[in-house]
1. Using square roots of five times the C-alpha gyration tensor eigenvalues, list the equivalent-ellipsoid semi-axes of the range 641-764 in whole Å, biggest first.
2. So for the range 343-488, Kirkwood radius off the Cα pairs, Stokes-Einstein at 25 °C and 0.890 mPa s: how many µm² s⁻¹?
3. Show the residues, 5+ positions off or on another chain, whose built amide H is closer than 5 Å to the amide H of F366.
4. I'd like the carbon and sulfur percentage of the solvent accessible area for the range 547-693, probe radius 1.4 Å, heavy atoms only, ligands and nucleic acids excluded.
5. Kindly give Rg over Rh for the range 648-713, based on alpha-carbon atoms, with the Kirkwood expression for the hydrodynamic radius.
6. For the range 349-389 and the range 439-505, what is the separation of their C-alpha centers, rounded to whole Å?
7. Would you mind checking which residues have amide H under 5 Å from V420's amide H? H placed 1.01 Å from N; only 5 or more apart, or other chain.
8. Determine the sum of side-chain charges near N676: Lys and Arg each +1, Asp and Glu each -1, restricted to other residues whose C-beta is under 13 angstrom from that of N676.
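The values are calculated or read from the model by the stated rules, or taken from the named source; none is laboratory data. Everything quoted here is computed from the prediction, not taken from an experiment. Heads up, the Cβs are rebuilt from the backbone with ideal geometry, glycines too, and the neighbour counts pull from every protein chain shown. Each accessible area value is taken on the protein alone, full model and side chains, heavy atoms only, with ligands, DNA and RNA left out. Shrake-Rupley method; radii C 1.70, N 1.55, O 1.52, S 1.80 Å.
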Amino acid sequence: MKVRKYLRGSGRVLAFVFVASIIWLLFDMAALRISLSDVSGQQLKERLIREREFYKKQSMQALHPRRSFTHPARRAADLPGHQKAPGRLNDGDEGQRVKDELRKSLHLAKSNHSKFVDLKPGDAAAHENDNAPKQNSSVKKEAVNLYIYTGGTTAQKAVHKVDSKPNEKVKGVEDEILLKSTESRLTQTTTHRLPNQDVKVVNEKVAGMQVKVTDKNVLGANKQLKPAVNHPAEGNARVGTLAVKKSGVHTVLSLDVTNSPRDPKAVGQFGQAAVVAVHENSEVEKRWNEGHFNVYLSEKIPVDRAIPDTRPRKCAQSLIHDDLPSTSVIFCFVDEVWSTLLRSVHSVLNRSPPNLLKEIILVDDFSTKDYLKKQLDDYMSQFPKVRIIRLKERQGLIRARLAGAAVAKGEVLTFLDSHVECNVGWLEPLLERVYLDRKKVPCPVIEVISDKDLSYMLVDNFQRGIFKWPLVFGWSPVPADYIKKNNMKDTDPIKCPVMAGGLFSIDKKYFFELGSYDPGLDVWGGENMEISFKIWMCGGEIEIIPCSRVGHIFRGQNPYKFPKNRQKTVERNLARVAEVWLDEYKDLFYGHGYTHLLNKKVIDIGNLTEQIELRKHLKCQSFRWYLDNVYPDMNAPLVKADGLVYNRGLRKCLALQRDSLSFETCDLSKQSQHFNYTWMRNIRHRELCIAPQVQSNSFALQLCDSAKNEQRWLHKSSISPMAEHFSTEILRGMCLEGKLEGQALQLRACDSNNLFQKWQFTHYYAQ
Ligand code: UD2
Ligand code: MN
């Protein structure tokens, strides 16, 4: 009743409003809940999509990381799985994927055919479809842009010789099978590890060089010769097998694909010294000149022999980017010995990752040997990646390399001599440097294959290529304080003032941007100086990569003929290099025994305009910059002596005033008393040089001309009693003598006791 009373009149209205509000509130709340869940659902969905895209992008990145030249450590750290230990072949699907890919590429390689190209000098075969069958294809010719050193005493390297008893190699052979494929010939991997830090060495003389021979009785050197067997399933991550990581880097591949079964008893197997029976010595001698090494023995050694892995231990752990550029390996040769040429090619085929080896180009520089014609064509036809280019005229190694470069399809050019053996893991560390910076020009460590017993010898660490005057190439250890200051490890790339010349990789485009080699360089010699100065002075870098090692047979003589005189060829090449690259330092080159090259009647070094223009165009640095920044330990004084010229008899100094010579009290502050004794052996004051006047037994002041022999005076050139004299070069036995009256100088017969003929400069920089 009471309720009814309240619901009457205005109370009823109020109750209605109250109930309606409650219902409204309930609806509102429900609507809010729905819209909230809607929003969060949408957000979730968006997040999911975003995440999916993110992961997709990341996995894409891992599979196809962007090709860039940033530092690998940074890039690798950005990618997922960076911390992950390097995977191995049995790493589930990934391992299988890699195996499949490798198998596929091996198969692909087998299904192709070799290509042989005839090349006229100055011509080049046009690039062709990579996958097209290559047999006997006649190729469109296009002009080769021919642009183009001194080897020298490359043999003076400190080397270690790997040695062990023949019977011990047998028990050492346990090959590591990486890919269980039926293509066994192509799928066997052996890593012969010789940790050089464990090798004790004794000195021995090999081929005139001081070498260090591993002493097999110490530190178990024999044991080290045993191939290190690493079954993927056992998960030894230290020896890089096919450990491709999703992160875009993998452990360097230690591929060593060889014929199976490899004969462990074969002569020279595992890079060991091979011995020739006494009764065979005449045979050895007979065949020596074919290559200026033990050709007879070389022919007995398998063309695909194993050699010890001489890399510093840590090299096998190096990380390499998955997307390295491919390379064309270019061998140019003239009358190369059959077995060494084949061994060179096999070592590349057997120890290079197939996906990185675009092709091998053999440039036959007009060889005369029959076996290098059809027999070579036939042999190489079994290797689809090998192309042979034949030059119709002898061009010399410089232009032959250019012919190879002109037809190369790989992104990187890798030049090798035709008597080498590439070691395990040699290629990737080179290409990695080019990948990081296309202006880096990496060279492998050049190890020594004995010319006598064909044994493979490892060289000392921290060796770099240098030159001495007059542009003579040589090896020298990296200064110890530099190693210490930079905390250098034995695996670190070594900055190298000049390369040896024969073995290096270079980004193809960069090679041509640099104007390649000076094509005016003939046959052999000097091109390593030219390309080294050019690379450094025009923005690039040359490095020796300790993790990349290639053996080379250093020969006492060139086994082929030079179309012109060998010495003249090399001198001429060097003079071209000096004129284009050395600026004022070219005097040091000429002054070290090459002043005769300054006489244009004696030698024509050809036109240099293009080379000089090229240097300007590339805005290259000066040679002084090169010395200061690249080779600061090089001693390169611009003059032999300078300062005051003191006469011991007169106890006064020579002065040049108003075109006349006189003697004055010595005073360093007087410019008129300052003279240079130059590399041309001139006594020089500004532009004026002193020359003998034979008729009047006197002297003349002439404008300096570096080509003029009469302006040259011998001084301090020997430790004889005449060392302090100025004796003329054109008139032997005549010396400059100081006097106070009349003419300050007269030309008199040299007298070792005459103090008036003895002269002293304030500073001496060189003898
Ligand atoms: C060194 C270099 C070499 C080259 C040379 C100077 C190394 C290991 N070797 O002398 O590459 O830089 O200094 O120029 O750094 N060849 C031709 N045509 C010729 C002459 C030579 O194709 O007219 C070939 C020859 O067959 C060989 C290569 O060029 O494959 C280098 O010649 P080398 O082995 O006689 O030079 P090498 O090692 O004494
Ligand atoms: Mn060589």
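1. With the √(5λ) rule applied to the range 641-764, the semi-axes are 18, 17, 15 Å.
2. 138
3. For F366, the qualifying residues are L391.
4. Details: 3240 of 7160 Å².
Roughly 45 percent, rounded to a whole number.
5. Over the Cα atoms of the range 648-713, Rg/Rh equals 0.97.
6. 28
7. For V420, whose amide H was placed from the backbone, the distant partners under 5 Å are S344.
8. On the way: positive: K640, R681, R684, R686; negative: E584, D587, D642, E687.
Once all neighbours under 13 Å are counted, the net charge is 0.
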